[in-house]
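The values are calculated or read from the model by the stated rules, or taken from the named source; none is laboratory data. If you're wondering where the values come from, they're calculated on a predicted model, not measured in any experiment. Ideal geometry is used to build each Cβ from the backbone, glycine not excepted, and the neighbour counts take in all protein chains shown. Side chains are part of the model used for accessible areas, which takes the heavy atoms of the whole protein and leaves out ligands, DNA and RNA. Shrake-Rupley method; radii C 1.70, N 1.55, O 1.52, S 1.80 Å.
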Amino acid sequence: MAILSKEDFKIKKELNRPILSLDYGEKRVGIAISDADCSIALPNEVYERNKTNKDFLYIKEFIEKNNVQAVLIGMPYNMDGSEGEQCKIVRDFSKKLLEFINISIIYWDERLSTLAQEKILINKDVSRKKRKKIIKNIEKGKYAHFNARGSLITFRTNWNEIFPKEKDEYELALEELGVNSSEKEYYDNWLCF
């Protein structure tokens, strides 16, 4: 398959198949997966790398077992949007992964994935001290699967831009209940993260 932009993926998207998200690291790869409708982002595991083909075979087996339609790989762009050395390493990893899998890869800007995680912690009333500790562990790769989930969350947040659609049953139900936009954000966070 190929490495796609989000716009190209829009054309190829298949219904009822999850998206896998990977947060690449030298020692670990964070793995998160969506549900079949791509509406819920779930952290799955932190895979300890062997730095051999076993890493790619493990991901391939995970993809086949879960009938994944595409792999979302977080790209660690610099804050100004430029690509540094780490982006090159992620691109090399992705190209090698393509030798093992038969689905497409989508690069996703992961600059805001940690911010997405922090927003969830704030919504759950986690103290600033505990948030700082959790975010520090996420950045170290200890909770890399949460960073992978963060990429899925930001991807999902842009879902309507990627796949414009009519209101779904969930949105219609919230409207019928009279839920306002700030309450809807609470329900979105509670149900989808």
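Take the Cα pairs of segment 1-108, get the Kirkwood Rh, then feed it into Stokes-Einstein at 37 °C and 0.692 mPa s and tell me D in µm²/s.
Numbers: Rh = 14.2 Å.
The estimated diffusion coefficient comes to 232 µm²/s.
Please report the accessible area of residue 56 (heavy atoms, 1.4 Å probe, ligands and nucleic acids excluded) in Å², nearest 10.
Accessible area of residue 56: about 20 Å².
I'd like the GluC sites (Glu not before Pro) in segment 16-94 restricted to DSSP loop residues with at most 15 other Cβ atoms within 10 Å, sorted by number.
Working: sites: 26, 45, 48, 61, 64, 83, 85; in loops: 26, 83.
Hits after loop and neighbour filter: 26, 83.
Which entries of 88/124; 95/132; 27/96; 65/95 have Cα-Cα distances beyond 24 Å here? Before the final figure, lay out the partial values.
Numbers: 88/124 36 Å; 95/132 34 Å; 27/96 17 Å; 65/95 21 Å.
88/124; 95/132, as the Cα separations exceed 24 Å there.
Would you kindly compute the Cα radius of gyration of segment 26-87 and its largest Cα-Cα separation (Dmax), both in Å?
Looking at segment 26-87, its Cα Rg and Dmax stand at 13.7, 38 Å.
What ranking of 65, 60 comes out by heavy-atom accessible area, probe 1.4 Å, highest first? Walk me through the numbers before you get to the answer.
Numbers: 65 155, 60 70 Å².
Result of the area sort, largest leading: 65, 60.
Tell me, how many Å apart are the Cα centres for segment 56-124 and for segment 31-54?
Centre-to-centre (Cα) distance: 10 Å.
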